[in-house]
Amino acid sequence: MNGANLGLSRTFLRRKAGKVAIRAVPGLILASVLAIMSAFSPLSALADDLGGTHARPVVVGAKLEQSASGTRLILISSQPLTATPFGLEKPDRLVLDLPEVNFQLAPHTGESGTGLIKSFRFGLFGFGRSRIVIDLAGPAHVASVVNAPLLKDLGATVTIELEKLDRDAFHELAGASRTSANSSAAATAATSSAHPTPPTKDPRPLVVIDPGHGGFDPGAMGASGEVEKTITLEFATTLATELERRGHVRVALTRSSDTFVSLPDRVRFARDQNAALFVSIHADTLTNAAGVQGATVYTLADHASDAEAARVAEKENRVDQQAGVDSGESDEEVVSILDDLMRRETKILSAAFAQRLVQGLETHVRLNKNPLRSAAFLVLRAPDVPSALVELGYLSSDVDRASFASPQWREEAARAIAGAIEARLPDRPSAAAQAN
């Protein structure tokens, strides 16, 4: 029953005289209910095996429907869910924070909407946390989140009811959400500063590998169901293994599992660790351009080198917005602490590293016809860590997708990038080390 959308738009469960009753409407027959019960039997058994209600909830269905006062998002879960909602503007979004949930939904679930909901996304947001982000067609709020039991303890329907708001009320809701989020961020920062990462005695330079996307941010999608977040994590792990095997550098990954990490947090991680290099791994996709293929290396620039670089940067910079993260002030914070001299030095080092990457890759993997580009990538904005973003290829290309699926290709490309990393690092210490 992996990923099946269950047709519950015309089915509701209600209690009557202490019993669960089914209210059926025309077009829904008993077989539908039996199918739901059958589908949930494995989930119930799994929950029992893992400790009953203490197991991680599994969501196997999602459905949108119109209601008298707004729009409903109905989830089919192995157990009831709690949700903490808040609002964001520019664009209008509603975000629901959940306990960690295993979403087993069909590909492309949530890409289209109805009523107040334009679309929605879901997935892991951090350790022990999941999130649903709803793109709104107009101002709205979460009026209620109601759990109702399925038959024979087979799980629960979770009905998230959205109702319209006027613009002023939604602006007030989003303002209250921002104040709460800022307070939480300040508390987290205070905790982090009270427990800094202990210094290491290992003199080897640290390379931070950043697998792009993750959690409910899948990134680009391939025609056969390939997902960028999976490809980037597989390649980053291969590259880290190759660097560790060589033994000349230390390696850290911004994420080692299918978890969302915001763009500012990726940058902050590299800076906090005094990284010598930061390499972000991605894979692109194009519409109606299946012939475009090959790897591309990007560096930071205030103005994009070309229209394609601008498109890629704009797409990658949107991930926090899609994740329900209001990171507009984070960029200003980074800019405000930039020292012009350090920034220029870091850009020089980044450009030299990117050129070395292209030279190392060209004899081992296919390159794009214009393989060295630049644009205003938020993830490359560390002022004191030389950084580059590598697009491994295009999920819209049959040739590149075949490469991504090949362990031999991953290992050869990882060796090429590892060689480029080692060729640059002996030249001089990182800008962060010089600053310190």
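Quick notes
- Charge sum, other residues only, whose C-beta stays under 9 Å from Ser403's C-beta, Lys/Arg counted +1 and Asp/Glu -1: +2
- Extension gain, Asp398-Asp340: 0.36 nm per intervening residue step, less the Cα-Cα distance, totals 16.5 nm.
- Computed from point charges on the beta carbon alone (+1 for Lys and Arg, -1 for Asp and Glu), the dipole magnitude for region 191-318 about its Cα centre is near 520 Debye.
- Packing rank of 105-116, 267-278, where each peptide gets the mean count of other beta carbons within 10 Å, highest leading: 267-278, 105-116
- Of Lys229/Lys315; Lys201/Lys347; Lys315/Lys347, pairs whose Cα-Cα distance is over 18 Å: Lys201/Lys347; Lys315/Lys347
- Sequence-distant residues sharing a close amide H with Ser280 (under 5 Å, placed H): Asp210, Ala388, Leu389, Val390
- Debye log10 I(q)/I(0) for region 201-435, one point scatterer per Cα, at q = 0.11, 0.14, 0.15 Å⁻¹: -0.49, -0.83, -0.97
- Positive minus negative residues near His141 (Lys, Arg vs Asp, Glu; Cβ under 14 Å): -3
- Likely footprinting exposure, Lys347, Lys315, Lys229, fewest C-beta neighbours within 10 Å first: Lys315, Lys347, Lys229
- Here the residues Val251, Val399, ranked from fewest to most Cβ neighbours within 10 Å of their Cβ, fall in the order Val399, Val251.
- Simple label model, 7 Å out from Cα along Cβ direction - Lys369 to Arg311, nm: 1.3 nm
- Stretch gain in nm, segment Val146-Gln408, where the contour uses 0.36 nm per residue and the Cα spacing is subtracted: 89.4 nm
- Neighbourhood net charge (11 Å Cβ-Cβ; Lys/Arg +1, Asp/Glu -1) for Asn102: -1
- Each of Ile117, Ile209, Ile348 was scored by other Cβ atoms within 10 Å of its Cβ. Listed from fewest to most, they are Ile348, Ile117, Ile209.
Read the figures in this text as sums done on the coordinates, not as results from a lab. No experiment lies behind these values; they were computed from the predicted model shown. Backbone-built Cβ (ideal geometry, glycine too); neighbour counts: all protein chains shown.
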